[in-house]
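The next block holds one structure in the form of structure tokens; read it before the comments.
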Amino acid sequence: MSPAPDPEITAPKDPADYRPRRIMGPSFWLLLAFGFICVLAGAAIALLAPRLLAGRPTPKPAAEAQPFAEPAAGAPTPFVAAVSPASTESPPAPTVEFERLNARLAALETHETRTSQAAAAALAAAALVEATQASGPFPEELTALKAAAPGTPELAALSRIAEVGAPTRASLAASFPDYAARAASASRAPGEGAGLGDRVVYLLSRIVSVRRVAEATGDGVDARLAKAERLVEDGELDPALRALDQLPPSAREAMSPWRIRAERRAEIDRQAAALRARALQDLTQASRSGA
């Protein structure tokens with residue numbers, strides 16, 4: 001038995017059949033483009049859907065859309081819960097502690113007002129006292145004190161001399177010796193029965209005034225003038241004026257121009273001292289009243 005003959009192998013005629021086939025053919029690229037289009041469509045829907053839905057009217061709930069229908073005859077009446085009206089009872093009366101708090105607040109406000117008024121009056125009084133120590137008038141400071149403390153007793157006395165003022169103590173002490181010399185000379189004036197010699201001596205004494213300034217004791221004119229001069233230098237005007245009251249009439253008349261100015265200064269100083277003490281007392285009482 002002879003063996004079967006081998007099948008005949010025939011080589012392909014087209015050389016392209018020998019090339020390897022491509023995996024990513026046209027079908028693959030079509031599927032990839034379709035997927036990309038789907039992704040873009042999904043993104044567009046996600047972005048544009050809220051805007052499209054926002055313009056559409058929102059459907060009302062069923063309870064609002066349907067009008068209320070009256071129950072038919074014989075139908076059971078639905079139960080409606082009764083709502084009690086708001087309570088009309090008055091609020092409770094304030095407690096005792098609340099009343100005490102109100103009283104305390106009122107007392108603090110009153111104390112603050114008094115303290116402010118006392119402080120304003122004290123400042124105005126201090127300005128007035130400082131103005132009185134000069135030699136000029138002080139009407140503006142007096143007006144300010146009247147506005148801050150109109151009931152101050154010292155205002156009446158100061159009003160009479162506010163437009164004039166008074167010389168300072170230093171000025172009075174500097175001018176005292178001249179007037180004292182005139183007073184000493186006037187006290188030596190001869191009487192009606194004096195002789196010619198006494199009259200000549202008196203005329204000469206008026207040209208050259210001589211007095212014993214070191215004599216501070218005794219009842220003579222020179223002694224009283226020396227005592228008054230020392231008091232004036234020490235700033236004691238009131239005792240100095242009392243010492244001048246003991247001079248004879250002729251000497252008092254010679255001292256009258258100086259005395260008028262000194263009395264005005266003494267009056268201002270007395271009223272200023274009383275005003276200062278009163279302002280400090282009122283301020284202290286106002287500050288203690290709220291303690």
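Quick note: the coordinates plus some simple rules give every number you see, no bench work behind them. Please read these numbers as outputs of a predicted model, since none were measured by experiment. Ideal geometry is used to build each Cβ from the backbone, glycine not excepted, and the neighbour counts take in all protein chains shown.
Between Ala126 and Ser287, the simple label model (points 7 Å from Cα in the Cβ direction) yields a spacing of 1.1 nm.
Starting with the fewest neighbours, write out Leu275, Leu241, Leu231, Leu32 ranked by other beta-carbon atoms found within 10 Å of each beta-carbon.
Listed from fewest to most nearby Cβ atoms, that is Leu32, Leu241, Leu231, Leu275.
Placing a pseudo-label 7 Å from each Cα along the Cα-to-Cβ vector at Leu32 and Lys146 gives an inter-label distance of 10.9 nm. Residues Thr132, Thr115, Thr95, arranged from fewest to most other Cβ atoms within 10 angstrom of their Cβ, appear as Thr95, Thr115, Thr132.
Would you please give the FRET efficiency between Arg188 and Asp238, computed as 1/(1 + (r/R0)^6) with r the Cβ-Cβ distance and R0 = 45 Å, to the nearest 0.05?
Here the calculated transfer efficiency is 0.95.
Electrostatic bookkeeping for Leu128 treats Lys and Arg as +1 and Asp and Glu as -1; over the other residues with beta carbon under 15 Å from its beta carbon, the sum is -3. Sequentially through the stretch 144-153, phi angles give Karplus couplings (6.51, -1.76, 1.60; θ = phi - 60°) of 5, 5, 4, 6, 7, 9, x, x, 5, x Hz, Gly and Pro residues having no value and appearing as x. Cβ-Cβ distance of Ala174 and Glu112, R₀ of 35 Å, FRET efficiency by 1/(1 + (r/R0)^6): the value works out to about 0.10. In terms of surrounding Cβ atoms within a 10 Å radius of their Cβ, Val221, Val96 rank from fewest to most as Val96, Val221. Other residues with beta-carbon under 12 Å from the beta-carbon of Leu231 carry, at +1 per Lys or Arg and -1 per Asp or Glu, a net charge of 0. Residues of the stretch 231-260 with an amide N closer than 19 Å to a point placed 7 Å from the Cα of Val164 along the Cα-to-Cβ direction: 237-238, 241-242, 253-260.
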